[in-house]
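Take a look at the structure set out below.
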Amino acid sequence: MENPYSNWFQTYSSQDDLLLDGKAITTQFVKDFHAILPNSSFGVSVRLNTTPALVFFDPTTKTVNLPFWNQLGPDSIGFFQKMAGSAEEGKKLFGSFFNGFYLPHELGHGVQFFVKGDTLGSYANEYFANQIGMQWWRKHGQQNNLSLCYKFAKHIMSILPDPVPKGETVKEYFNKNYDKVSSDPYIYGFLQFGQFIEIHDDRSLPDFDSLLKNYAGIN
């Protein structure tokens with residue numbers, strides 16, 4: 001079987017290939033989780049479900065829902081093109097993050113749900129999911145792909161306006177305005193790509209196994 005990571009940080013042209021690789025990656029994540037917490041009921045599957053929310057964990061179905069590029073609406077495609085600077089780069093940006101980085105991020109939200117029953121939208125929960133995503137990819141040798149994501153994130157943060165009012169932190173603003181933030185891709189992008197950069201550069205960040213143990217309180 002072909003390595004499922006070899007194409008994952010690219011935009012898929014085949015729904016079957018996207019789902020096949022997404023399932024393989026999810027299976028490996030679940031296996032890695034149970035190696036640390038063998039008695040947990042943790043179990044998440046993946047499915048194709050293209051919506052304006054792009055990629056998301058649904059606690060009611062225990063699924064990560066993946067978007068397919070050719071099914072995106074014009075607003076979503078326009079966002080990626082604007083952030084990346086061209087149609088070609090916009091497609092690459094989508095592949096790097098949304099058929100790329102964010103699958104284990106969303107599985108991190110699955111961890112929150114199964115371990116603590118937590119489905120709250122908050123700055124801290126997004127931060128943990130990004131830490132999980134970052135360290136799981138590093139665990140599986142994807143530093144080069146993370147570096148490509150990092151370049152995109154740095155570029156985006158250089159052009160996105162800061163939506164946070166003076167006197168507030170990003171964390172305070174996000175927690176108070178979650179519905180507004182999460183429904184606006186430009187504001188939500190400022191949060192997510194900013195967190196990605198901060199976590200990528202955090203040299204004190206524990207590895208994936210330690211993050212899980214710390215979260216579950218078994219250290």
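Some values worked out for this structure:
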| quantity | calculated |
| --- | --- |
| Computed helical MRE - 222 nm, the chain, DSSP H runs ≥ 4 contributing -39500 (n - 2.57), nearest 500 | -19000 deg cm²/dmol |
| Members of K23/K154; K151/K171; K92/K213; K91/K213; K154/K180 lying beyond 27 Å, as alpha-carbon distances in this model show | K23/K154; K92/K213; K91/K213 |
| Per residue accessible area of the chain, 1.4 Å probe, in Å² | 47 |
| Zero-based 5 Å bins, Cα pair distances in segment 33-111, whole percents | 3, 15, 23, 21, 15, 10, 6, 4, 2, 0 |
| Euclidean distance between Cα centres, segment 137-206 to segment 37-70, Å | 21 |
| Average projected area [Cα convex hull, segment 143-219], square nanometres | 6.8 |
| Among 56-62, 22-28, 130-136, the order from most to least packed when residues are scored by Cβ within 10 Å on average | 130-136, 22-28, 56-62 |
| With every protein chain in place, the chain: carbon and sulfur % of accessible area (1.4 Å) | 50 |
| Net charge of Cβ neighbours under 11 Å - reference V164; Lys, Arg +1; Asp, Glu -1 | 0 |
| Size of segment 128-184 as Cα extents on the principal axes (Å, biggest first) | 39, 24, 21 |
| Table column - 3J(HN,Hα) (Hz), segment 12-20, Karplus curve with 6.51, -1.76, 1.60, x for Gly and Pro | 7, 9, 10, 4, 4, 5, 4, 5, 4 |
| For the chain, alpha-carbon Rg over 2.2 N^0.38 Å | 0.97 |
| Summed side-chain charge close to N145 - residues other than N145 whose Cβ falls under 14 Å, Lys, Arg +1, Asp, Glu -1 | +3 |
| Estimated vicinal HN-Hα couplings, Hz - segment 54-59 in sequence order (Karplus 6.51, -1.76, 1.60; Gly, Pro = x) | 6, 9, 7, 8, 10, x |
| The chain, relative contact order [Cα under 8 Å, separation at least 6], % | 19 |
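The values are calculated or read from the model by the stated rules, or taken from the named source; none is laboratory data. Since the model is a prediction, treat every value here as computed from it, not as a measurement. For neighbour counting, all protein chains shown are included, and Cβ atoms are generated from backbone atoms with ideal geometry for every residue, glycine included. Ligands, DNA and RNA are excluded from the accessible area calculation, which covers all protein heavy atoms including side chains. Shrake-Rupley method; radii C 1.70, N 1.55, O 1.52, S 1.80 Å.
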